[in-house]
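Structure first, commentary second.
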Amino acid sequence: MNKKIGFTCAYTPVPLIEAAGFFPYRILPETKAPDQAGHLLHDNLCPHVKKVLDRALENDLPDLEGMVFINSCDTMRRLADAWQVARPDDKIILIDLPSGMNRLSLDFLSKEYERLSRTLFKWNDQTLEPEIISEKIKEKIFQWNLLADSIKKIEEKMTNDFFPGYASGLQQIINTAATESIDQALAMAKSKIEPENPCKSLTAPVFVFGNLLFDPKVYDLFEEWNVQVVGTDFCTSSRFVTRIQTGPDDNIFRSLAHSYLKQTPCARTMDTTIPGSIAQRIVERAKKSNAKGVIGFTLKFCDPYLARIPMIRQALQKESIPFLMLEGDCTEGSMGQQQTRIEAFTEMLEV
Amino acid sequence: MMYEHFDNTVKGIKDKLSQDPSGINARKKYVLELSRLGRKLYTKNETIAWCGVTAPFDLLSSMGVTSCFVEFVGAMLASTQTAGFFFEDAEDAGFATDSCAYHRAVMGAVLKNAMPEPDFIIGTSSPCTAGLAVMENFANQYKKDFFILNVPQNYSKDAIRFLSNQIEELTHFVSAHTKEPLSKEKLGMALENFNQSSKLLRDIYDLAKTKPSPVDNRLLRDFGVVMTLLMGTREGIDICQAFKDELNQRIKTSRHHASKEKTRLMWIQNRIQYPFPMDKMLDDLGAKIVIDELNTVTWEPMDPDNPFESIAKRMISIPFSMDTSKRIKNMQTLALDYQIDGAINPCHWGCRQGTGARGLVSKGMRDIDIPVLNLEIDCVDSRNLARGQIETRVEAFMEMLS
Ligand code: SF4
Ligand code: SF4
């Protein structure tokens, strides 16, 4: 039976879900459900969480065996709270996610991931020896890392050349990993790794970052508007498929914690030794991908990103990298409204 | 500018005190101590730490650090009607108008060089993500060392150990800056002071429950949150004692607006910080805020033999760190203990932490038959204040309750 575990945040390790015998189902904020989350929470929350809650309220979801929430920001915390009211019969776990990356944070997150794994096995009525659990997780991590490697290769190709439809294809693979299974995503990645269309040339290579951009059609729109996406940093893009570094004797949960905290930090996770490091990271990634400009796309009311935009803007300005900042909700339509601004930006880059 | 404001307040209250030593009430004493703290923050040669709201100020003061949460300054700027001047700077630099105005005000002040430069910065993940983000901005702007206290939401052994280890590590971080090791004795004294203040706080809150209540609409506004800045000190105990004495005196002499208490109210989260005649309006309508949600003692006494764990448990226990179902249970208990008729929730624009739970809070209070008035208002930024609308809604709510 295809038993699914719902989740909403990129810090949820999919290999843990699959090792416990479930399929992952990331609840993406895409729905025709009426807008009603504001009644249960408030309207000044990001459209990501509001739309996910709208889906829950309207039962626009597949059958779920349970929900994994991550305490990644206040809005996510509130979503977990609202879920208990909207779907009181659902099994829920909330994982505390530290904001820092130091030793204590790593220790704690590894315990949290261990708690998650224990809970997932319990939800599936499985009582197994820790060694067997560890083996099962390692097997899934192996598959996951194959996927991460394939995605990396696709991204490298994207950075070097422009293949029409390739960026949207990549998003489809990532969405499959998030909503179907690692195996299916891996099969897709293998078939898509060689571009279907010959390489063309576009003149506006752009690095795109922000919180969520999951709709493959948006990447097609970018191409129509002459934007060549040479790199991305979204919690729905390749950052979601974090490669998990493991050594033969490593504690598996520690490896997970290390990989998730250190390798793929988003705006809500910070290195206290370099305050504002997100800005440097974006500058470096933009440069590495040979982008001529950077587009930031963040959702309205998203504190973690919006509060870092001034630092990012400043860092890009210092490097004379043109920056376009867009704010909206998660829909293709909202991106459509930005067409004029994006086209004006790419025209400016081409000069 | 802020130094002058705090200095003038200190001088004004001290003058009054010298003319009439017995004429100073509890609230004045409290304002005097806060102004002294404010003045110290703006004084050179102090070791200054800008912090998140839930930082352990008792621990920091025992280590010789003058510390304060930045939202306190945001509130001061609003109350002195100077915040507007700073919002524009923050917004011009790209801080979203939809963000919390406590933060926008202080970020503007940082950008305008109107904040004292700290020696280091301590962010806390509770109460809010936005607060932590602002602390990172501070650290980036001032190029100062930055420490984060992650306050988990789950009250588990692992969570408590995690936070208590972080607090211990914080003491090393602070020592590295002050060049003074932690003195167990001084910390013990601070915790002892904290315990005495906590005991007095419980007494104060118990007295406020009396029917009719001896509090008025101003007396305990934002008291619970702001008092944490002083609770590890001797002065903190004196202030709490003064409030307790004043409430006892009011009950004894019936000098406590008893006749005006037609409606008993709870105020949810923080008050409105800029001059807005809400208190007067409520006075005129015979409504009395007998309890502010955050005026509550949720922690056990601090154990000086186990200081870090005690502080950790305290930090996890407060409403800011709770999940909403626990927060609502806490509010329901307060509602019953204080026998309130209704609650006002100023849904501070930009606050995902508190305002984000608006619908759940209303539902939770409805479950115990307590109506809630949700006021869509920015408690710090008065630029878009729809004053007439707010007044009409408050009046209608009071009418409905009566
Ligand atoms: S990080 Fe931003 S987009 Fe994601 S849930 Fe939090 S507020 Fe919403
Ligand atoms: S009002 Fe809300 S967002 Fe603003 S500082 Fe307080 S908890 Fe944080």
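Please treat every number below as a calculation from the coordinates, not as lab data. Computed from a predicted structure; not experimentally measured. Virtual Cβ from ideal backbone geometry, glycine too; neighbours counted across all protein chains shown.
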Quick one: what do you get for the range A:4-51 if you divide its Cα Rg by 2.2 N^0.38 Å? 1.40
Give the order of B:VAL70, B:VAL372 when sorted by the count of other beta carbons within 10 angstrom, beginning with the fewest. B:VAL372, B:VAL70
Return the average number of partner chain Cβ atoms within 10 angstrom of each residue Cβ along peptide B:357-363. 6
Nearest-20 debye value, chain B charge dipole, Cβ charges on Lys, Arg, Asp, Glu: 720
One checks the Cα atoms of chain B and finds Rg and Dmax, in Å, of 20.4, 60
Extreme residue, positive dipole direction of the protein assembly as shown, given options B:MET1, B:ILE121, B:PHE85 (C-beta unit charges): B:MET1
Partner chain Cβ atoms within 10 Å, averaged over the residues of B:132-144 - can you pull that number for me? 6
Under the rule a/c < 1.5 gives rounded, and otherwise a/b versus b/c splits prolate from oblate, where does the range A:176-285 land using the Cα gyration tensor? oblate
Under a Cβ-Cβ cut-off of 15 Å, what is the net charge of the residues other than B:ASN306 that fall near it, where Lys and Arg count +1 and Asp and Glu count -1? -2
The range B:2-179 - charge dipole about Cα centre, Lys and Arg +1 at Cβ, Asp and Glu -1, debye rounded to 20: 620
Can you list the HN-Hα couplings for the range A:146-159, worked out from phi with the Karplus curve (6.51, -1.76, 1.60; θ = phi - 60°), rounded to whole Hz and with x for Gly and Pro? 4, 5, 4, 5, 4, 5, 5, 4, 4, 5, 4, 4, 5, 5
A student asked for the Cα radius of gyration and Dmax of the protein assembly as shown in angstrom ought to give 26.8, 90
Which listed residue (B:LEU334, B:PRO56, B:CYS347) has the Cα farthest towards the positive end of the charge dipole for chain B, taking +1 on Lys and Arg C-beta and -1 on Asp and Glu C-beta about the Cα centre? B:LEU334
About the Cα centre of the range A:82-139, what is the dipole size in debye to 20, counting +1 per Lys and Arg Cβ and -1 per Asp and Glu Cβ, all else neutral? 160
Using the 10 angstrom Cβ neighbour count as an exposure proxy, how do B:LYS157, A:LYS217 rank, fewest first? B:LYS157, A:LYS217
Rounded to the nearest 0.05, what FRET efficiency do B:LYS211 and A:ARG341 have when you use their Cβ-Cβ distance and R0 = 56 Å? 0.40
For the residues B:LYS28, A:LYS4, what sequence is obtained by ranking on other C-beta atoms within 10 Å, fewest first? B:LYS28, A:LYS4
Rounded to the angstrom and largest first, Cα extents along the principal axes for the range B:88-238 equal 50, 40, 32
Which residues qualify? For B:LEU220, with a placed amide H closer than 5 Å and at least 5 residues away or on another chain, they are none
Placing +1 on the Cβ of each Lys and Arg and -1 on the Cβ of each Asp and Glu in the range A:21-128, which of A:PHE23, A:ALA86, A:LEU97 has its Cα farthest towards the positive end of the resulting dipole? A:LEU97
Among B:237-243, A:15-21, what's the highest-first ranking by average C-beta atoms within 10 angstrom per residue? A:15-21, B:237-243
Run the numbers on chain B and let me know its relative contact order in percent, using alpha-carbon pairs under 8 Å that are six or more apart. 17
Net charge (Lys, Arg +1; Asp, Glu -1) of residues whose beta-carbon lies under 10 Å from that of A:GLU114, A:GLU114 excluded, is +2
Taking the radius of gyration and the Kirkwood hydrodynamic radius from Cα positions alone, what is the Rg/Rh ratio for chain A, to two decimal places? 0.95
Spelling out what I want: for every residue of the range A:113-120, take phi, set θ = phi - 60°, compute 6.51 cos²θ - 1.76 cosθ + 1.60 (Karplus), and round to whole Hz; glycine and proline get x. 5, 5, 4, 4, 4, 4, 5, 5
Take peptide A:91-101, look around each residue's Cβ out to 10 angstrom, count Cβ atoms belonging to other protein chains, and average those counts. 5
Using just the Cα positions, wrap the range B:2-179 in a convex hull and report its mean projected area in square nanometres, one decimal place. 11.7
A:CYS73: net charge of surrounding residues, Cβ under 15 Å, Lys/Arg +1, Asp/Glu -1, itself excluded? 0
